[in-house]
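Notes for the one structure printed next.
The values are calculated or read from the model by the stated rules, or taken from the named source; none is laboratory data. Everything numeric in this text was worked out from a predicted model, so none of it was measured. Ideal geometry is used to build each Cβ from the backbone, glycine not excepted, and the neighbour counts take in all protein chains shown.
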Amino acid sequence: MSQVTETPTTESRKVDHIRINLDKDVQFPRLTTGLERYRFLHQALPEIDLAEIDTRVHLLGHLINVPILISSMTGGTEMASRLNRNLAEAAQHHQIPMGVGSQRAAVESLELAKSYQIRDVAPDILLFANIGAVQLNYGYGVDQCRRAVDMLEANALILHFNVLQEAVQPEGDTNFAGLLAKVEHICTHVGVPVIAKEVGWGFSEKNCRDLKNVGVSAIDVAGAGGTSWSEVEYHRAPTAFHARVARSFADWGIPTADAIQYAVKGAPDLDIIASGGLRDGIDIAKCIALGAKVGGIAASFLKAADESVEAVDQLIRELSSQIRIAMLCSGARTISDLQNTPLLKD
């Protein structure tokens, strides 16, 4: 467990988060995504040619080649710049969307903006800016959100909700009161679609309904079962007290499979992004069958990006192949077909 002897800057916190995610086991100890409870009904005679499988799907009105999102991870440090550029170059090659990590560091210190600026290597992918929703209670407004969007030349803005992470950080911003009205103001005035994203504990059905009613365009459920950010904060806790508090929440949250279904019920007309512990293309296919449009992955992409662009490219090709074969073997020619494919539940 690392020791922090003074109040960390936003930039140093980002470095901590990257290194802990790369070096430590920060998965949920017992709680799973729930996706293991679901199986496709195998079709031995699908009457489909694998070459005819069509994985294209519209997300926020943009056509993407395969329903994979490189989920928001990092930015705000020199190390993050290399990671983001490796991710973006591969995303451009495969024409899949990508989000960056929270841009608060660059909003606070403009010299850090270059770690997020990837349009030169990814000129036409669907790209998501990212600001913590709670910052709307700490002086952020349309101007700061617009700055984050412009910094990336982004197509949409993620507002991420990380109440538990902030609560277990000694330096966390914990005033989440009255946020819905402020989210509505951002949705109305920021000028791009807004995505509401959890960071690994999931949204309830009521959360999704409330967010839909204030104008968000998509919901990234980011359910439990993958990276536990309370475990990340455990590893950077400055005292034994803070470590014990953080660790007690290691298995908190709504499993991803349940969170997807809550989102479909609470916000049936919105684009639903599934993330939180997705391991492979079969998990992504299951999420789509449960009602999502695309599946987002972070941890595996972070490790690949730390290696090389080629490693990211290989991971995307593997995920794409797994999705296509899952579609073939479940009798789904298109993503629309996959969304209407029933799953068996154990």
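The residues of the stretch 171-199 that are in a loop (DSSP other than H, G, I, E, B), among the hydrophobic types (A, V, I, L, M, F, W, C) and under 21 Å from the mean Cα position of the chain (by Cα), listed by number, are F176, V190, V192, V199.
Here are some residues: A222, A243. Which one is over 19 Å from the mean Cα position of the chain (by Cα) and of a type in the set (G, A, S)?
Details: A222 fails: over 19 Å from the mean Cα position of the chain (by Cα).
So the residue among A222, A243 that is over 19 Å from the mean Cα position of the chain (by Cα) and of a type in the set (G, A, S) is A243.
Within the stretch 81-97, the residues that satisfy the criterion of being outside any helix (DSSP H, G or I) and buried (at least 18 other Cβ atoms within 10 Å of the Cβ) are I96, P97. Across the stretch 220-230, a minimum of one residue is classified as crowded, with 24+ Cβ neighbours inside 10 Å, farther than 21 Å from A129 by Cα and out of contact with any Gly (no Cβ under 6 Å at 6 or more places or on another chain).
Whether any residue in the stretch 326-346 is farther than 17 Å from S71 by Cβ, modelled with pLDDT of 95 or more and of a type in the set (K, R) is what I want to check. Yes, some residue in the stretch 326-346 is farther than 17 Å from S71 by Cβ, modelled with pLDDT of 95 or more and of a type in the set (K, R).
Scanning the stretch 41-60 for residues that are in contact (Cβ under 8 Å) with a residue 24 or more places away in the chain and not in a strand (DSSP E or B) yields L41, H42, Q43, P46, E47, I48, L50, E52, I53, T55, R56, L60. Scanning the stretch 124-149 for residues that are among the small types (G, A, S) and in a strand (DSSP E or B) returns A129, G132.
Applying the selection to the stretch 127-159, what residues are free of Cβ contacts under 8 Å to residues at least 12 places away in the same chain and farther than 24 Å from T174 by Cβ? Working first, answer last.
Filtering the stretch 127-159 down to residues free of Cβ contacts under 8 Å to residues at least 12 places away in the same chain leaves 139, 143, 150.
Of everything in the stretch 127-159, just one residue is free of Cβ contacts under 8 Å to residues at least 12 places away in the same chain and farther than 24 Å from T174 by Cβ, namely D150.
Total residues in the stretch 24-52 satisfying the condition of being over 17 Å from R279 (Cβ atoms), of a type in the set (D, E, K, R) and surrounded by 10 or more Cβ atoms within 10 Å (Cβ to Cβ): the figure is 1. Filtering the stretch 305-346 to residues that are over 24 Å from the mean Cα position of the chain (by Cα), buried (at least 21 other Cβ atoms within 10 Å of the Cβ) and hydrophobic (A, V, I, L, M, F, W, C) leaves only A332. When the strands (runs of 3 or more DSSP E) confined to the stretch 203-306 are screened for residues that are at pLDDT 95 or above and closer than 18 Å to Y38 by Cα, those reaching at least 2 such residues are found at 271-275, 294-297. A Cβ distance below 7 Å, combined with a sequence gap of six or more or placement on separate chains, defines the contacts here; from the stretch 164-189, residues that are at positive phi and without any contact (Cβ under 8 Å) to a residue 12 or more places away in the chain reach no residue that is part of a helix (DSSP H, G or I) and buried (at least 16 other Cβ atoms within 10 Å of the Cβ). If the condition is being of a type in the set (K, R) and in a helix (DSSP H, G or I), then the stretch 15-33 contributes only R19. Of the residues contained in the stretch 101-117, none is found to be of a type in the set (A, V, I, L, M, F, W, C) and either touching a strand residue (DSSP E or B) at 6+ places or on another chain (Cβ under 7 Å) or under 21 Å from S275 (Cβ atoms) (or both).
Hey, can you tell me all the residues within the stretch 135-182 that are small (G, A, S), within 30 Å of P123 (Cβ to Cβ) and surrounded by fewer than 17 Cβ atoms within 10 Å (Cβ to Cβ)? Passing the criteria: only G141. Summed over the stretch 214-237, the residues that are touching a strand residue (DSSP E or B) at 6+ places or on another chain (Cβ under 7 Å) and charged (D, E, K, R) give a count of 1. Only a single item in (1) in contact with a helix residue (DSSP H, G or I) (Cβ under 8 Å, 6 or more places away or on another chain); (2) assigned to a loop (DSSP other than H, G, I, E, B) is not met by K114, and it is number (2).
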